[in-house]
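Take a look at the structure below.
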Amino acid sequence: MITAPDNDNNSEGPMVFIIIGKGYQSDDSDGVDLHIMLKAADDDSAVREALNALAEEGFIEADLDQIGMLTEVPEEEPHASAYQGAVDGEVAIIRFS
């Protein structure tokens, strides 16, 4: 007999999402590869908050390719500190050049 519901959104820790994509700061730019980490209630809210944070950072367009929920705390930088920032309520944007 199952005693606890099996739900992907039922997590013991905070729901920290990672969004992988590319951001553009001008019409003629090649774009910057991005990882965005944030805490949100669901994936729709996570995407909305990520797009707002990118706009505040000067991005005029973004292609968001993947979204997922982190199930373990990252150990390596820059993801470890970005995760901690997300747990604290920040939207962490990691840029790759």
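The values are calculated or read from the model by the stated rules, or taken from the named source; none is laboratory data. Please read all numbers here as calculations on a predicted model, not as lab measurements. With ideal geometry, Cβ positions are generated from the backbone for all residues, glycine too; neighbour counts draw on all protein chains shown. SASA here: full protein model, heavy atoms, side chains in, ligands and nucleic acids out. Shrake-Rupley method; radii C 1.70, N 1.55, O 1.52, S 1.80 Å.
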For the stretch 48-97, how many residues are without any contact (Cβ under 8 Å) to a residue 12 or more places away in the chain and among the acidic types (D, E)? 6
1 or more residues touching a Leu at 6+ places or on another chain (Cβ under 7 Å), open to solvent by 40 Å² or more (accessible area, probe 1.4 Å) and basic (K, R): qualifying strands (runs of 3 or more DSSP E) within the stretch 23-97: 92-96
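Of everything in the stretch 1-45 that's closer than 14 Å to V87 by Cβ and small (G, A, S), which residue is modelled with the highest pLDDT? So that I can check it myself, show each step before the final result.
Here is the first cut: in the stretch 1-45, the ones closer than 14 Å to V87 by Cβ are 11-18, 37-40.
Still in the list and also small (G, A, S): 11, 13, 40.
Working: S11: 57, G13: 70, A40: 96.
Only one residue fits best here, namely A40.
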